[in-house]
1. Within a Cβ distance under 14 Å of residue 12, other residues only, what is the Lys/Arg minus Asp/Glu net charge?
2. As an exercise, use a Förster radius of 22 Å and the Cβ-Cβ distance of residue 63 and residue 15 to find the FRET efficiency, rounded to the nearest 0.05.
3. Taking the 0 to 90 degree range and rounding to the nearest ten, how far is the long axis of helix 120-140 tilted relative to the main principal axis of the chain, both from C-alpha atoms?
4. Based solely on its DSSP helices, what 222 nm [θ] is calculated for the chain when runs of n ≥ 4 H residues each add -39,500 (n - 2.57) and the sum is averaged over all residues, nearest 500 deg cm²/dmol?
5. Calculate, for the chain, the solvent-accessible area per residue in square angstrom, rolling a 1.4 angstrom probe over the heavy atoms of the protein chains.
6. Give me the number: length gained by fully extending residue 31 to residue 153, i.e. 0.36 nm times residue separation minus the C-alpha to C-alpha distance, one decimal in nm.
7. What are the ³J(HN,Hα) couplings of the range 92-97, residue after residue, when phi is run through the Karplus curve with 6.51, -1.76, 1.60 and θ = phi - 60°? Round to Hz, x for glycine and proline.
8. Looking at 19, 88, 120, which one has the Cα that reaches farthest to the positive end of the dipole of the chain (charges on Cβ: Lys, Arg +1; Asp, Glu -1)?
Amino acid sequence: GVLWGAFLEVIMALACIGTAVTLFPVVKRQNEGAALGFVTARVIEAGMIFVGILSLLSVVTLRHEMAGPSGADAASLVITGRALVAIHNWTFLLGQSLMPGINALLLGSLMYRSRLVPRIIPTFGLVGAPILITSVVTTMFRSNHQITVLAGIGTLPVAAWDLSLGLWLVVKGFRPSPII
């Protein structure tokens, strides 16, 4: 279970980098600084995902240590395991919740201004991103669970933005004569 999940997250992290590198040559014509910011944000997102994966895989290793005859102190292993899970939770909050909001702002603004895709598509991201970012910031400064109504409200339009952009580009591609 955990190993398959880790494998799928590796694919997702690599896809983060791949989509940024693929889109960069197209969107840099609109605003090179924002396009470079998008690539950077995607690489940071992927890096956070990798840290989260490593922390969970470390917990799996610790579980095997507790089951083996190594004589490790069980209480120390439990504390270490909880610390690694906390690292995963923070990397999820910052990497897979905050960074998609930042990515939606950067790429959404580029796509909205360039008209490379219909404006309604980036509008989803531009509406949801500030809500999602606000949700992450409020979660950081309180001890509530990460899943809140605000996070749900922000996540839905950002997810719609990601899905609709991907589908549009696969089916229709970029518009041939964007406004530059």
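The values are calculated or read from the model by the stated rules, or taken from the named source; none is laboratory data. Only a predicted model underlies this, so the values are computations on that prediction, with no experimental measurement involved. No Cβ is skipped: glycine too gets one built from the backbone with ideal geometry, and neighbour counts run over all protein chains shown. What goes into the accessible areas is simple: the full protein's heavy atoms, side chains included, and nothing from ligands, DNA or RNA. Shrake-Rupley method; radii C 1.70, N 1.55, O 1.52, S 1.80 Å.
1. Numbers: positive: 42; negative: 9, 45, 162.
Here the charged neighbours net out to -2.
2. On the way: r = 29 Å, r/R0 = 1.30.
FRET efficiency, residue 63 to residue 15: 0.15.
3. 30 degrees
4. Details: 6 runs with 142 residues, N = 180.
Mean residue ellipticity, 222 nm, calculated: -28000 deg cm²/dmol.
5. On the way: 10140 Å² over 180 residues.
Each residue of the chain exposes 56 Å² on average to a 1.4 Å probe.
6. Values: separation 122, 0.36 × 122 = 43.92 nm, distance 2.92 nm.
Full extension from residue 31 to residue 153 adds 41.0 nm.
7. In residue order, the calculated couplings are 5, 4, 7, x, 9, 10 Hz.
8. Farthest along the dipole direction, towards plus: 120.
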